[in-house]
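Asker: One structure, as structure tokens, below. Some questions next.
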Protein chains: 2
Amino acid sequence: MTTAHGARARARIEVTAAIKDEARRQLAAEGAARLSLRAVARELGMVSSALYRYFPSRDDLLTALIIDAYDSLGGSAEAAHAEAAGAGPAQRWTAVCEAVREWALAHPHEYALIYGSPVPGYTAPQATVPAASRVGLLLIGIARDAYRGLGLARPTLPGELRPEAERMAADLAPDLPPETVTALVAAWAQLFGLVGFEVFGQFNRLVEDRAAFFRHAAGQLAQGVGLVYPQRGPAA
Amino acid sequence: MTTAHGARARARIEVTAAIKDEARRQLAAEGAARLSLRAVARELGMVSSALYRYFPSRDDLLTALIIDAYDSLGGSAEAAHAEAAGAGPAQRWTAVCEAVREWALAHPHEYALIYGSPVPGYTAPQATVPAASRVGLLLIGIARDAYRGLGLARPTLPGELRPEAERMAADLAPDLPPETVTALVAAWAQLFGLVGFEVFGQFNRLVEDRAAFFRHAAGQLAQGVGLVYPQRGPAA
DNA sequence: TCGGAAGCGAGAGCACTGCTCTTGCTTTGC
DNA sequence: GCAAAGCAAGAGCAGTGCTCTCGCTTCCGA
């Protein structure tokens, strides 16, 4: 009984996938706001009301696409990380950052869906959280490897931020120094600031050689986290 | 003849302003995608077709709101900068960053309009450029003051980025070192990464004391630009 | 095996959207 | 003083998300 629960369930899976595929096509072509349930149904040769058997609302379809986008981005980042497995922490950091950038440039509308303005009147459901965390976990993992290996330059931290830093460290990576975790969170946000500005055209008549610019900026981020070859003294 | 071109022209100005005000209200309440021309007209007691005499399309209304939002943000940032006039470059930098953050938190939907995903099928018209540049120019100005005054720590720059850095410097601030201009552009994007992540809820169950976190991150950005009290040696 | 239940696609319909066009009225400028 | 331009109103078009009802098909348990 490999055919899970008969032909009907199998058909449901196929139709659901077909709907998502067509929706993704329209998303890539026109953007989230122009994604139309009726158009998807039309393209699939079905009537719009039938589509509601698979997704109870337009927002639910969008949520499914969001999760898929997070997964696609996370997969690309993880693949890039795996490919750089032999290299040092700084190189692996940069490789992950560049994978994020390249995915975003290849899928601008999907990137906008997950890291642009949230779709209005819509807050990301809890279901998206695991998929959304993958890139962050990857970056934490790189820092952890460095910490356990060559060592990590420990960033500075003002006193007023220490309680918050310890809270974040307890949540995210209890084995890492709070200073490092704080710097990681900031670098994570800053990475997507760089990517977003490029994808959304803010660099348009400003930065020409964007790949080189990004590579350098990503390296600076790694340095801010402490992911440099410790020349002047390792972790305190 | 102070009344520019009679009562009709004056009425036009007033009605245009009333439309923008009501549209801004709806934008703040519901977000850009739910901004409806018909609802604006309804609220103003006019019929929807009449509104097209003032804005030829919904996108044109949005463009007007975008420019206003850039101006409002730029004004807030400039005001904060003026208030910190006596302080050193690092403090003024942080003050501007915090003003940007506070404006964004107070006007999330307007922030999303200008720094979130661009409205689909819509590329920002040239008219928005001057208004959009104000924050960036402010940051460049702070760096320039520091450069002419106490001096500026000069960031490092890889060789592959030098041509691009010189191009950007020629465009943006020919009087500043290319390394500084490059760091400025990166910091600019990273600043909006931090702000965007907070406004769009990416920090939600992650960072609690966001004000302190942001203050620290902004200070780190200033340091990356070279805007620190030169302790170890001023500009080379 | 068969009968009720659940799943499914189709169609009609509601309330809404952006936008266009025509119809009259008013203000403006020559 | 009169033609031209600006204006509000209404009707209408094509499109949207979503609901409801209708028959048909598949499923599952007695």
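The values are calculated or read from the model by the stated rules, or taken from the named source; none is laboratory data. These numbers were taken from a predicted model, which means no experiment stands behind them. No Cβ is skipped: glycine too gets one built from the backbone with ideal geometry, and neighbour counts run over all protein chains shown.
Asker: Which pairs do you get when a residue that is within 15 Å of DNA strand D (Cβ to nearest atom), found in region B:25-47, comes within reach of a residue that is among the β-branched types (Val, Ile, Thr) and not in a loop (DSSP other than H, G, I, E, B), reach meaning Cβ atoms under 7 angstrom, with the pair 6+ apart or on two chains?
Answerer: B:VAL40/B:ILE19; B:LEU44/B:ILE19
Asker: Follow-up. Only residues that are within 16 Å of DNA strand D (Cβ to nearest atom) and assigned to a helix (DSSP H, G or I): list them for region B:54-89, please. Before the answer, list the steps.
Answerer: So in region B:54-89, the residues within 16 Å of DNA strand D (Cβ to nearest atom) come out as B:54-58, B:60-61, B:64.
Within region B:54-89, B:ARG58, B:ASP60, B:LEU61, B:ALA64 qualify.
Asker: Kindly indicate the residue of region B:40-76 that is near DNA strand C (Cβ under 8 Å from one of its atoms) and within 14 Å of chain A (Cβ to nearest Cβ) and also nearest to the chain's Cα centre (by Cα) among those meeting that condition.
Answerer: Checked region B:40-76; the qualifying residue nearest to the chain's Cα centre (by Cα) is B:ASP59.
Asker: Return the only residue of A:ALA165, A:ALA218, A:ALA170, A:ALA187 being modelled with pLDDT of 95 or more, part of a helix (DSSP H, G or I) and either at the interface with chain B (Cβ under 8 Å from one of its Cβ atoms) or surrounded by fewer than 19 Cβ atoms within 10 Å (Cβ to Cβ) (or both). Give the derivation first.
Answerer: Values: A:ALA165 fails: either at the interface with chain B (Cβ under 8 Å from one of its Cβ atoms) or surrounded by fewer than 19 Cβ atoms within 10 Å (Cβ to Cβ) (or both); A:ALA218 fails: either at the interface with chain B (Cβ under 8 Å from one of its Cβ atoms) or surrounded by fewer than 19 Cβ atoms within 10 Å (Cβ to Cβ) (or both); A:ALA187 fails: either at the interface with chain B (Cβ under 8 Å from one of its Cβ atoms) or surrounded by fewer than 19 Cβ atoms within 10 Å (Cβ to Cβ) (or both).
After applying the criteria, what remains is A:ALA170.
Asker: Quick check on region A:1-24: of everything there that is in contact (Cβ under 8 Å) with a residue 24 or more places away in the chain and within 10 Å of DNA strand C (Cβ to nearest atom), which residue is farthest from the other protein chains (Cβ to nearest Cβ)?
Answerer: Filtering region A:1-24 for residues in contact (Cβ under 8 Å) with a residue 24 or more places away in the chain gives A:12, A:15-16, A:18-20, A:23-24.
If we keep only those that are within 10 Å of DNA strand C (Cβ to nearest atom) as well, we get A:12, A:15-16, A:18-19.
Working: A:ARG12: 30, A:VAL15: 26, A:THR16: 25, A:ALA18: 23, A:ILE19: 20 Å.
Ranking the candidates gives A:ARG12 first.
Asker: Check whether at least one residue in region A:78-85 is in contact (Cβ under 8 Å) with a residue 40 or more places away in the chain, of a type outside the set (Asp, Glu) and closer than 28 Å to A:ALA222 by Cα, and report yes or no.
Answerer: Checking region A:78-85: at least one residue is in contact (Cβ under 8 Å) with a residue 40 or more places away in the chain, of a type outside the set (Asp, Glu) and closer than 28 Å to A:ALA222 by Cα.
Asker: Within region A:100-118, how many residues are more than 14 Å from chain B (Cβ to nearest Cβ) and either farther than 19 Å from A:GLN190 by Cα or over 10 Å from the mean Cα position of the chain (by Cα) (or both)? Explain how you work it out, then say what you get.
Answerer: Going residue by residue through region A:100-118, those that are more than 14 Å from chain B (Cβ to nearest Cβ) are A:102-103, A:105-106.
Subsequent filtering for residues that are either farther than 19 Å from A:GLN190 by Cα or over 10 Å from the mean Cα position of the chain (by Cα) (or both) retains A:102, A:105-106.
Result for region A:100-118: 3.
Asker: Check B:ALA77, B:ALA112, B:ALA82 and return the single one that is in the same structural domain as B:GLY136 (by TED's automatic domain parsing), hydrophobic (A, V, I, L, M, F, W, C) and surrounded by fewer than 21 Cβ atoms within 10 Å (Cβ to Cβ).
Answerer: Details: B:ALA77 fails: surrounded by fewer than 21 Cβ atoms within 10 Å (Cβ to Cβ); B:ALA112 fails: surrounded by fewer than 21 Cβ atoms within 10 Å (Cβ to Cβ).
The match here is B:ALA82.
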